[in-house]
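J.: I am attaching a structure below and will ask some questions about it afterwards.
The values are calculated or read from the model by the stated rules, or taken from the named source; none is laboratory data. Treat the numbers as computed from the prediction; the structure is a model and nothing was measured. No Cβ is skipped: glycine too gets one built from the backbone with ideal geometry, and neighbour counts run over all protein chains shown. For the accessible areas, the whole protein counts, side chains as well, though only heavy atoms, and no ligand, DNA or RNA atoms are used. Shrake-Rupley method; radii C 1.70, N 1.55, O 1.52, S 1.80 Å.
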Amino acid sequence: MKIILILFLTITQISQGYSDSLDLLLDSVSDAEIKSLSETLYKLDHNRATASELVIDPQTLISSSETGSKDDLSSQPLFKQVSSTLLSKPTYKALLDLLDNYRRVTGEAEDVPSQEVQEQDTFLQQTMNTDVGRELYNFLHSKGVYSSQSEFIQDLKMMWFGLYSRSSGKLDSSGFEHIFAGEIKGGKVSGFHNWLQFYLNEKQGLLNYYSHSFNGPWTTYPDVLGMQFEWDGYFKEVGSAIIGSSPEFDLAIYSLCYITRPGKKCYVSLGGQTLGIQTYTWDNSSYGDGKKYIASAYPATP
């Protein structure tokens with residue numbers, strides 16, 4: 001019993017020591033550095049949509065006091081045109097391959113066969129093949145957060161794709177599923193903060209766009225919308241997403257904020273405009289030496 005207690009205390013101390021060391025490292029990342037890096041990522045997002053590749057029709061703008069009304073105030077889909085050339089780019093294709101892997105209702109355990117694991121690896125590797133992915137790694141490496149690119153990719157894999165339980169004790173969720181694919185929990189849409197998933201489901205007739213309560217100040221892509229919609233019979237009061245960004249940009253900007261400001265609002269700069277990114281940690285389970293999975297991340301709209 002004494003040996004077990006000593007071992008437990010040692011593991012706890014190692015975990016706490018790791019956490020404290022990481023906190024010290026991340027404290028060295030200033031708000032100004034986050035804004036500067038995010039601006040660089042924005043400029044490096046060569047795979048973002050252009051005006052000819054993506055055409056949207058936001059239609060009805062409502063006030064924040066009306067978001068719960070569940071009124072369909074837009075007669076047309078949000079997405080009018082999305083170029084097949086855009087969707088065929090490597091990171092887009094890798095993301096599209098992942099989006100159909102999930103059981104959307106929480107409480108149903110996820111099954112992850114080897115093909116889906118390979119799709120996760122492909123997505124992460126494709127993002128690291130871009131200037132956006134490399135720039136994020138180089139910054140975090142310079143801060144001593146990661147010693148190698150392989151360590152960074154492995155941590156992203158656990159952080160984003162590691163399974164945990166949101167309901168009934170089943171391994172039914174992950175940060176990626178919640179943020180990129182979306183979930184149904186308690187009779188409502190939960191998460192769902194990716195424009196490509198929105199487009200796919202709207203195209204398939206599974207999603208009905210109602211209105212928007214926020215439209216960012218950007219006149220080119222990426223832009224930010226706060227949307228009201230019904231997904232397969234379930235309502236989302238405000239689903240915010242970066243519109244027209246590449247998959248690698250979404251992954252990078254959310255990862256930057258989660259790694260440097262976990263569980264807080266993180267302020268980034270995109271084209272000279274400030275945007276708040278809210279992240280949440282999953283506190284009920286962990287991986288590695290006490291690291292926390294990502295629970296959610298999204299653009300914070302008024």
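J.: Of everything in segment 45-63 that's surrounded by fewer than 20 Cβ atoms within 10 Å (Cβ to Cβ) and among the aliphatic types (A, V, I, L, M), which residue is farthest from W195 (Cα to Cα)? Steps first, answer last, please.
T.: Start the filter on segment 45-63 by keeping residues that are surrounded by fewer than 20 Cβ atoms within 10 Å (Cβ to Cβ), which leaves 46-47, 50-53, 55, 57-63.
Add one more test, that the residue is among the aliphatic types (A, V, I, L, M), and what stays is 51, 55, 61-62.
Numbers: A51: 15, V55: 12, L61: 18, I62: 20 Å.
This residue is I62.
J.: Do any strands (runs of 3 or more DSSP E) lying entirely in segment 202-302 carry at least 2 residues that are farther than 25 Å from G187 by Cα and open to solvent by 30 Å² or more (accessible area, probe 1.4 Å), and which ones are they? Lay out the reasoning, then the answer.
T.: Details: elements: 207-215, 223-231, 234-243, 265-270, 273-287, 291-299.
The strands (runs of 3 or more DSSP E) meeting that bar are 265-270, 273-287, 291-299.
J.: Consider L156 carefully, then state whether it is out of contact with any Asp or Glu (no Cβ under 9 Å at 6 or more places or on another chain) and surrounded by fewer than 20 Cβ atoms within 10 Å (Cβ to Cβ).
T.: Values: out of contact with any Asp or Glu (no Cβ under 9 Å at 6 or more places or on another chain): yes; surrounded by fewer than 20 Cβ atoms within 10 Å (Cβ to Cβ): no.
Answer is no for this residue.
J.: If you check V117 against the conditions, is it more than 30 Å from A49 (Cβ to Cβ) and either open to solvent by less than 30 Å² (accessible area, probe 1.4 Å) or assigned to a helix (DSSP H, G or I) (or both)?
T.: Working: more than 30 Å from A49 (Cβ to Cβ): no; either open to solvent by less than 30 Å² (accessible area, probe 1.4 Å) or assigned to a helix (DSSP H, G or I) (or both): yes.
Against the criterion (more than 30 Å from A49 (Cβ to Cβ) and either open to solvent by less than 30 Å² (accessible area, probe 1.4 Å) or assigned to a helix (DSSP H, G or I) (or both)), V117 does not qualify.
J.: In segment 75-88, what count of residues is obtained for those that are among the charged types (D, E, K, R) and crowded, with 18+ Cβ neighbours inside 10 Å?
T.: Residues of segment 75-88 that are among the charged types (D, E, K, R), as a first pass: 80.
From what's left, crowded, with 18+ Cβ neighbours inside 10 Å: none.
Qualifying residue count for the region: 0.
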